[in-house]
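Below is one structure, written out as structure tokens; comments come after it.
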Protein chains: 2
Amino acid sequence: MGSVAFDALESPFGKTDKILGGAATFISLAASHYLKDIRLVSVVGGDFPKEYIELLTKRGVQIEGLQIKQDEKTFFWSGKYHNDMNSRDTLVTELNVLEHFNPIVPESYQGSEYLLLGNLSPIVQRQVIERLSVKPKLIAMDTMNFWMDIMLDELLATIKLVDLLCINDSEARQLTGEYSLKKAVDKILTMGPSIVVIKKGEHGALLFAENQVFAAPALLLEEVFDPTGAGDTFVGGLVGYLAATQNLSFANLQRAVIRGSALASFCVEAFGTERLQSVTNQELQSRVLEFSRISQFMQA
Amino acid sequence: MGSVAFDALESPFGKTDKILGGAATFISLAASHYLKDIRLVSVVGGDFPKEYIELLTKRGVQIEGLQIKQDEKTFFWSGKYHNDMNSRDTLVTELNVLEHFNPIVPESYQGSEYLLLGNLSPIVQRQVIERLSVKPKLIAMDTMNFWMDIMLDELLATIKLVDLLCINDSEARQLTGEYSLKKAVDKILTMGPSIVVIKKGEHGALLFAENQVFAAPALLLEEVFDPTGAGDTFVGGLVGYLAATQNLSFANLQRAVIRGSALASFCVEAFGTERLQSVTNQELQSRVLEFSRISQFMQA
């Protein structure tokens, strides 16, 4: 579940018109590299092109839960990245169909074992949890500072219901009021989730579960072309891999974090979802091995 | 070679009077955990306490190259750390004896195989290289943005002579004008050094040599008490381990980076050199293993 959107991007490398974007789009495309059975919950307007929907269904994404509001417009976001690619300005945010989004969980989705709540209002995220009649094996959630700023209580109520929370390091600090990341994560582990994944962008990711820590490296890329969707791709690949392997052991969580990282490293190589669509199995496998190569060492 | 100094520190955790500091101090104490034969080149004033000198000699540091200028005062630095411990204000810098420091390399130091140039003027760093009659097996150098700002040409001339350069990520970007860290390091590898180590603080370190990359993780500490000297400790432990093991293979460079990281993680646990002095072999070994534990994983 998450947004399906139009994005328009500017970066030192160029500019795009309205292209396919949205958290649920990146999540679905990322997960599709590991998982066959993906069930989308989202909403678009009558302006959303059929080709984009076909692009998703061709990769095995079920769209019964994708509402199409013929008389409304699709969510639109436009942003501009600066030279360092770490800071961006939002130029336009048009909520459109997202403003009154009431998520529908079709009967055919009932019994889903892995639920990933992409970044969206925590109220909508919670509605999806409540509309599933059987509790999934794993409820994972991505969120961001925006919801901490404007509806912290709602956010905390949703976090209470999830098993895996994925946020970035500054958001973990904001959510807990702890500067020490160790203390911040310890606090989050008392809020509901038993698994916490901290995204650190070019510095990799940290996984916390079962009293263990795993520091996943990031690859050193020549160039980050467009970071849009990298976080969604990361969590989509991570949860997609977990769902495909049906294994929530710490060792498999580690592998899932590496898969998410590998997919995110492709995502930033081109604008929008372009690279996520073109990446082959072989490319993906060889990049996963690169993560081992740069981080594994022999103590003696 | 580097500064031996008085530091006065303020942080959210407390305040110190003038305590023992200086790059060469942290470097020597860190290296002493692996290496027996350490030869210090530095300068202090008549105000420098005998106890501090004994503290060094007791850990096997030779001080024939430590000039004591009786009528002058020791270099003094005072700084204040903010809540996030990543930003600091310099309150006082009194160069004192460092202002006209002319490094002496005693006859007994000739034939040294590993030279570590701690952060100091690149002119003084180069003088030490020139005053060694036999080229060491490895010349390592630490530096900082300050020298890039005020004497870039001198800095580049010294970098040309060194084998291993250790700087932080923002300094690598400043030195090369490349935002991409990959491109920045590729450029540095054409400037003289064949080994580059990028310090990333709480995000670990990156090692580049022989066309290979190693991403070393950082431990997640409950609290960073005082970051002063962490970078010096890191490079001191790294080069000390290389000198002790007499092995410059990539696999041993990886181990050396982990040793430097482990020592730096102790350094920040207390003010000044306190923790570097008290850490036992057993504590150090068990922390080195922690670095494996948080970063090593099985692909299948």
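Antiparallel DSSP bridges in the protein assembly as shown: what percent, to the nearest 5? Can you show the working numbers first?
Details: 42 of 92 bridges.
Of the beta bridges lying entirely in the protein assembly as shown, close to 45 percent run antiparallel.
Which whole-number percentage describes the relative contact order of segment A:175-300, with Cα contacts under 8 Å and a sequence gap of 6 or more?
Details: 154 pairs, mean separation 25.8, N = 126.
Reported relative contact order: 20 percent.
Can you give the accessible area of residue B:214 in Å² (nearest 10), computed on protein heavy atoms with a 1.4 Å probe?
Number for this one is 0 Å².
Computed on protein heavy atoms with a 1.4 Å probe, what is the summed buried accessible area for the chain pair A and B, in Å² to the nearest 100?
Working: alone 13980 and 13960 Å², together 24530 Å².
Approximately 3400 Å², summed over both chains.
What is the minimum Cβ-to-axis distance for chain B, in whole Å, where the axis maps B onto A, and to which residue does it belong?
B:203, 2
For segment A:258-300, list whatever residues lose no less than 50 Å² of accessible surface once every protein chain is in place, relative to that chain by itself, with the probe at 1.4 Å.
Residues of segment A:258-300 that lose at least 50 Å² of accessible area once the other chains are added: A:294, A:296, A:297, A:299.
Considering only protein heavy atoms, with the full assembly of protein chains and a 1.4 angstrom probe, order A:297, B:13 by accessible area, largest first. Intermediate values should be presented prior to the final figure.
Numbers: A:297 20, B:13 80 Å².
Solvent-accessible surface, decreasing: B:13, A:297.
Check each of the trypsin sites (Lys or Arg not before Pro) in segment A:114-163 and keep only those in coil by DSSP with at most 12 other C-beta atoms within 10 angstrom; list them in order. Let's see the in-between values first.
On the way: sites: A:126, A:131, A:137, A:160; in loops: A:131, A:137, A:160.
Sites meeting the loop and neighbour criteria: A:160.
Could you pull out every one of the aspartates and glutamates with an alpha carbon less than 17 Å from that of residue A:58, ignoring same-chain neighbours closer than 8 positions?
A:37, A:274
May I ask which residue of A:120, A:53, B:120 lies farthest towards the positive end of the charge dipole of the protein assembly as shown, with charges of +1 (Lys, Arg) and -1 (Asp, Glu) on Cβ and the Cα centre as origin?
Highest projection toward the positive end goes to A:53.
Calculate, for the protein assembly as shown, the solvent-accessible area per residue in square angstrom, rolling a 1.4 angstrom probe over the heavy atoms of the protein chains.
Values: 24530 Å² over 600 residues.
Dividing the accessible area of the protein assembly as shown by its residue count gives 41 Å².
Check cross-link reach from residue A:199 to the lysines: straight Cα distance under 24 Å, and skip same-chain residues fewer than eight apart.
A:80, A:137, A:160, A:182, A:183, A:187, B:182, B:183, B:199, B:200
If the label for residue B:91 sits 7 angstrom from Cα along the Cα-to-Cβ line, what are its distances to the same label in every other copy, in nm to one decimal, shortest first?
Label point to label point, same position, other copies: 4.8 nm.
Carbon-plus-sulfur fraction of the accessible area of chain A, 1.4 Å probe, in percent?
Working: 6170 of 12280 Å².
Exposed carbon and sulfur together represent 50 percent of the surface.
What's the center-to-center distance, using Cα atoms, between segment A:203-231 and segment A:1-44 in Å?
19 Å
Quick one, could you list the DSSP H helices from chain A stretching 15 Å or more along their long axis (Cα atoms) with average Kyte-Doolittle hydropathy of 0.0 or above? Before the final figure, lay out the partial values.
On the way: long enough: A:230-245 (22 Å, 1.02); A:250-267 (25 Å, 0.76); A:281-295 (22 Å, -0.65).
Taking the DSSP H segments of chain A (at least 15 Å long, mean hydropathy at least 0.0), we get A:230-245, A:250-267.
Counting only protein heavy atoms, probe 1.4 Å: which residues of segment B:178-214 lose 30 Å² or more of accessible surface in the full assembly compared with their chain by itself?
Output list: B:179, B:180, B:182, B:183, B:200, B:202, B:203, B:213, B:214.
Between residue A:135 and residue B:100, with labels modelled 7 Å along Cα→Cβ, what's the label distance in nm to one decimal, could you check?
About 7.7 nm, to one decimal.
As a test, work out the antiparallel percent of DSSP beta bridges whose residues both lie in segment B:156-300, rounded to the nearest 5. Walk me through the intermediate numbers first.
Values: 10 of 15 bridges.
Bridges in segment B:156-300 that DSSP calls antiparallel: roughly 65 percent.
Given R₀ = 51 Å, what would the calculated FRET efficiency be for residue A:157 paired with residue B:89, taking r from the Cβ atoms and rounding to 0.05? It would help to have the intermediate numbers written out before the result.
Working: r = 41 Å, r/R0 = 0.80.
The calculated FRET efficiency here is 0.80.
Taking the label point 7 Å from Cα in the Cβ direction, how far apart in nm is residue B:107 from each other copy of itself, listed shortest first?
Label-point separations across copies, in nm and ascending: 9.9.
Run the numbers for residue A:146 and residue A:221: contour at 0.36 nm per residue of separation, minus the present Cα-Cα distance, in nm. It would help to have the intermediate numbers written out before the result.
Details: separation 75, 0.36 × 75 = 27.00 nm, distance 2.84 nm.
Gain on stretching residue A:146 to residue A:221: 24.2 nm.
Using a 7 Å offset from Cα along the direction of the beta-carbon, what are the separations from residue B:70 to the same position in each other copy, nm, ascending?
Its label point is 10.0 nm from the equivalent points in the other copies.
Roughly how many Å is it from the Cα centre of segment A:105-131 to that of segment B:256-300, as a whole number?
Using only Cα atoms to place each centre, the spacing works out to 43 Å.
The values are calculated or read from the model by the stated rules, or taken from the named source; none is laboratory data. Here the structure is a predicted model, which is why all the values come from computation and not from measurement. Ideal geometry is used to build each Cβ from the backbone, glycine not excepted, and the neighbour counts take in all protein chains shown. These area figures cover heavy atoms from the full protein model, side chains too; ligands, DNA and RNA do not enter into them. Shrake-Rupley method; radii C 1.70, N 1.55, O 1.52, S 1.80 Å.
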